[in-house]
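Heads up: the structure comes next, in structure tokens.
The values are calculated or read from the model by the stated rules, or taken from the named source; none is laboratory data. In this text the structure is predicted, and so the values were computed from the model without any measurement. Backbone-built Cβ (ideal geometry, glycine too); neighbour counts: all protein chains shown. When the accessible area is computed, the model is the full protein with side chains, heavy atoms only, and any ligands, DNA or RNA have been set aside. Shrake-Rupley method; radii C 1.70, N 1.55, O 1.52, S 1.80 Å.
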Amino acid sequence: MKIFFCFILSLVALSTFAQTHHVLIKTSMGNMKVVLFDDTPKHRDEFLRLVRARHYDGTLFYRVVRNFVIQGGSSDSRNAAPGTRIGYGEEAINIDSEFTKKHFHQLGALCAPRQPDKVNMLKFSDISQFYIVRGKTYADSILDKMEMAVNVPIKNKLKKTYYLPHKEELAQLKAEGKAKEYNKLVTEIKDRMDYEYRISGYKKFTDEQREAYTKRGGTPDLDEEYTVFGQVVEGIDVLIKINNMKVDKNDRPMTDVRMTLEVID
């Protein structure tokens, strides 16, 4: 059943992500083939440059969080002694983020990490390393709650900004039977709130996202916060195997998982 699931996922990935470039991630636990998205060109091109420069070779998947992600490529991980805590490394390469609703954090998504907002307000990606999503499945009701957690505060703020200052005026117009004036002001307020909501960064999962997150899994809370620039199309079983490894207190696998990357087309 597991082999059948991985086969079906690969067929979906291959048909959905017909792009130009593929990279093979060779590890001590097996290999993963990833496709790079042409509509995230900054990440695609810099990743390809670094792969060809052998930047990632000899580094580790140093951060493994069960049912979340596997992360690797940091220069600090190369030849790191067992038990050493590994960070972003001294070779950080920051590039502009390329967020898009089209690509999201489903199982097997290839993504760029970044420093937290407090030190990285513009959300630059650090392409000197990468992470791949394992995630988990979510019920539709949980996805609904995720949307509400983002959208309700936005709506409340808009109501406070645009409706409440006119509340008494609207009540007065209604009491005086001035329907024309009342409807005009209500329409103006509603149109303004609708416009501001549309550009606010509200959260709405697409049908494709819901299909992926309820059936295959992922990490939907990371969408449009970190750039997704590729997808595993072969080797999901290797991703799962690495994600299931025993780790130390720093989320580093007890047995090193070393990598070598190769551009295959």
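Where in the stretch 95-125 does the amide nitrogen come within less than 17 Å of the point 7 Å from the Cα of Lys136, taken along Cα to Cβ?
Zone members listed by number: 106-108.
How would Asp96, Asp223 rank on accessible area, largest to smallest, probe 1.4 Å?
Values: Asp96 70, Asp223 15 Å².
Ranked from most to least accessible, the order is Asp96, Asp223.
Expressed in nm to one decimal, what extension gain is obtained for the pair Gln115 and Lys246 from 0.36 nm per residue of sequence separation less their Cα-Cα distance? Before the final figure, lay out each step's value.
Numbers: separation 131, 0.36 × 131 = 47.16 nm, distance 2.57 nm.
Length difference between fully extended and current span is 44.6 nm.
Please give the per residue accessible area of the chain, computed with a probe of 1.4 Å over protein heavy atoms only, in Å².
53
Considering only Cα-Cα distances, which of the following residue pairs are longer than 30 Å: Lys33/Lys145; Lys101/Lys145; Lys145/Lys190; Lys204/Lys249; Lys26/Lys203?
Lys33/Lys145; Lys204/Lys249; Lys26/Lys203, as the Cα separations exceed 30 Å there.
What residue among Val64, Phe124, Val257 has its Cα farthest toward the positive end of the dipole of the chain, where the charges are +1 on Lys, Arg and -1 on Asp, Glu, each on the Cβ?
Val64
Whole-Hz ³J(HN,Hα) for each residue in the stretch 200-210, computed from phi via Karplus 6.51 cos²θ - 1.76 cosθ + 1.60 with θ = phi - 60°, x for glycine and proline: what do you get?
8, x, 4, 10, 8, 5, 6, 4, 5, 5, 4
Place a +1 charge on the Cβ of each Lys and Arg in the chain and a -1 charge on the Cβ of each Asp and Glu, then give the dipole magnitude about the Cα centre in debye, rounded to the nearest 20.
Working: 42 positive and 37 negative charges, 135 e Å.
That gives the chain a dipole magnitude of about 660 debye.
I want to verify a result. In a Gaussian network model of the chain, Cα cutoff 10 Å, which of these has the top mean-square fluctuation: Leu239, Leu158, Leu107?
Leu158
Just to be sure I understand: with springs between alpha-carbon atoms less than 10 Å apart, which residue in Gly87, Gly217, Gly235 has the highest mean-square fluctuation in the Gaussian network model of the chain?
Gly87
Okay, helix-only estimate at 222 nm for the chain: each DSSP H run of n ≥ 4 adds -39500 (n - 2.57), divide by all residues, round to 500 deg cm²/dmol; what do you get?
Per the formula, -11000 deg cm²/dmol.
Any idea how far apart Glu147 and Ala81 come out in nm if each label point goes 7 Å out from Cα toward Cβ?
Those two pseudo-labels are separated by 5.3 nm.
Take peptides 173-186, 46-59 and line them up by average Cβ neighbours within 10 Å, highest first, as a rough protection proxy.
46-59, 173-186
Using a 1.4 Å probe, how large is the accessible area of Ser77, given in Å² and rounded to the nearest 10?
About 0 Å², rounded to the nearest 10.
How many angstrom lie between the C-alpha centres of the stretch 180-220 and the stretch 246-260?
Cα centroid to Cα centroid, the span is 41 Å.
Between 0 and 90 degrees, rounded to the nearest ten: what's the tilt of helix 41-52 against the longest Cα principal axis of the chain?
Tilt of helix 41-52: around 10 degrees.
For Glu224 and Glu196 in the same chain, what is the full-extension length gain: residue separation times 0.36 nm, less their Cα-Cα distance, in nm?
Difference between extended and current length: 8.2 nm.
Taking the Cα centre of the stretch 47-113 as the origin, how large is its charge dipole in debye, to the nearest 20, when only Lys and Arg (+1) and Asp and Glu (-1) carry charge on their Cβ atoms?
Computed charge dipole of the stretch 47-113: roughly 240 debye.
Once the whole set of protein chains is in place, how much accessible area is left on Met193, using a 1.4 Å probe, in Å² to the nearest 10?
About 40 Å², ignoring ligands and nucleic acids.
Round to the nearest 10 and give me the degree value, 0 to 90, for the angle of helix 140-158's Cα axis relative to the longest principal axis of the chain.
50
Express the carbon and sulfur contribution to the solvent-accessible surface of the chain as a percent, rounded to the nearest whole number, probe 1.4 angstrom.
54
Full-extension gain between Ile154 and Glu188, please, as 0.36 nm times their residue separation minus the C-alpha to C-alpha distance.
Numbers: separation 34, 0.36 × 34 = 12.24 nm, distance 1.85 nm.
Going from the current span to full extension adds 10.4 nm.
Heavy-atom accessible area of Ile86 with all protein chains present, probe 1.4 Å, nearest 10 Å²?
20
Less than 10 Å Cβ to Cβ from Asn250, Lys/Arg counted +1 and Asp/Glu -1: what total charge do the surrounding residues give?
Charge balance near Asn250 sits at +2.
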